[in-house]
1. In debye, nearest 20: dipole of the stretch 254-320 around its Cα centre with unit charges on the Cβ of K, R (+) and D, E (-)?
2. On C-alpha positions alone, give me the angle between the axis of helix 236-246 and the longest principal axis of the chain, in degrees, nearest 10.
3. Over the chain, give the accessible area per residue in Å² for a 1.4 Å probe, as an integer.
4. As I understand it, the dipole of the chain uses +1 on the Cβ of Lys and Arg and -1 on the Cβ of Asp and Glu, about the Cα centre. Which of Leu104, Ser164, Ile297 lies farthest toward its positive end?
5. Taking square-rooted eigenvalues a ≥ b ≥ c of the alpha carbon gyration tensor, is the stretch 322-464 rounded, prolate or oblate, where a/c under 1.5 means rounded and, failing that, a/b exceeding b/c means prolate?
6. Report, in whole Å, the centroid distance computed from the Cα atoms of the stretch 87-155 and the stretch 398-464.
7. At a 1.4 Å probe radius, carbon and sulfur cover how many percent of the accessible area of the stretch 193-342?
8. Once you have the Cα-Cα distance between Asp234 and Asp279, take 0.36 nm times their residue separation minus that, and quote the gain in nm to one decimal.
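The values are calculated or read from the model by the stated rules, or taken from the named source; none is laboratory data. Predicted model only: the values in this text are computed from it and were never measured. We place every Cβ from the backbone using ideal geometry, glycine too, and count neighbours over all the protein chains shown. Side chains are part of the model used for accessible areas, which takes the heavy atoms of the whole protein and leaves out ligands, DNA and RNA. Shrake-Rupley method; radii C 1.70, N 1.55, O 1.52, S 1.80 Å.
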Amino acid sequence: MTDLCAVTSAGDKVVLKDDVVCELKRNLRGELLSSSSDNYNEVRKVWNGMIDRRPALIARCAGAADVMTSVRFARKHDLLVCIRGGGHNVAGNAVKDGALMIDLSEMKSVRVDPMGQTVRAEPGVLGGDLDRETQVFGLATPTGVVSTTGIAGLTLGCGKGWLSSKYGFTIDNLVSADIVTADGELRVASATQNEDLLWALRGAGHNFGVVTSFEYQLHPVTTMLGGITLYPHDQAAEALKFYRDFSKDLPDEVTTGAGLVIMPDGTPATELAFCYAGDLEEGERILAPLRHFGSPIEDTVRPISYVDMQSMFDEVVPPGRMTYWKTGMTDHVSDEMIDLLIHYMGISPSPLTLIYIGEYHGASRRVGKTETAFYHRDLQYELLIEPIWTDPADSESNMRWASELYQAVEPYMTQGSYVNYLLDDDYDRIQAAYGENYDRLVTLKQKYDPTNFFRANQNIVPGV
């Protein structure tokens, strides 16, 4: 441990003497790291390779007691706190310069109750970890579409995935949560305890504390029909327009997505992705028009396990690459928007770039817009502009490309957005992301975090 630890918090420099830091170390069951620790540089890495920040201290929490100790220590010494679960957030809010990082990545317990069809999981659990544990019992809960995504950040922002049209978003299946709030106390948020806090956690939870345990509702999930069809560039416009029209009226069992990608030979292509969670024969009948439209150059749709479905896109977005996202939501993908997406994909500065259109209907849209903090349930489609590159020298061109594309399609989008995709420079979009729920969230922030202690996030400023 170094003699002094200089920490920047709210613009003021706080110097922690060696004995103060050592006291924190003694009070933790987990490990405390500083910049001189051997594994410091590895632990501070997150999924987005653009993020290169240096926390002053990293508390590798082993349980809820360590989280409470860390929050109380940071309050006492006026330190900025950042929270790492799976470390998959594109904005990199898990890592802040000069902060105390509360690292939850080693809290990985999963306990399934097959009779009650619930599961309790700690915040270091990744989506793939949760799926493997629950699928042993033929059960699952909706999470994301990449198995390396952490359940904590995913859940607290909403959580959208292959089961969302059938069983709702992740937040719709969040039964309860144990959370350390800004006063350093451990609280339960459920339908019978701190109900207003549970409401806030369902979509704006990053702002209200450190969740140390999530309880989810589970559902029977067995073999499903899933995979992709791939179309050449000259069929891109037809494929996307057909997909848009077809996806307007689908049963709950189907969740779909569409993407623009670049093939290994450098030519753009259009990808349609499918998941049918129900009777396989019926799924074949329903998906047939999408699979047999035009002249696909590849069709991988087949009976597939839920675990394999969840990891289908893992290789496309491995950790360590650089990326800069722009995102929006709409209830209609216009012809003009499709033409713009195809044009810009053709001039992408990186062959790793993705443009993704996610589509959600069914159960996720039958929940009222004010029943959870997540608001924009009436918008069926989300757009994710995702340039990906490996050379830091290419950062400026890729960021400029993403920004220019978003500006071009913005007139065809709404002001709604999915907060888990927002970057630090999207700060002015946070209020719009929560719609008419925003004022209630401000009031609850004032109740549970009046000093804005938890602010390294898509921040909701407390009311006065």
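1. Values: 3 positive and 11 negative charges, 32 e Å.
The dipole of the stretch 254-320 has a size of about 160 debye.
2. 80
3. Computed with neighbouring chains in place, this is 39 Å² per residue.
4. Value: Leu104.
5. oblate
6. About 23 Å separates the Cα centre of the stretch 87-155 from the one of the stretch 398-464.
7. Values: 2810 of 5580 Å².
After summing per-atom areas, the C and S share lands at 50 percent.
8. Full extension of this stretch gives 12.8 nm more.
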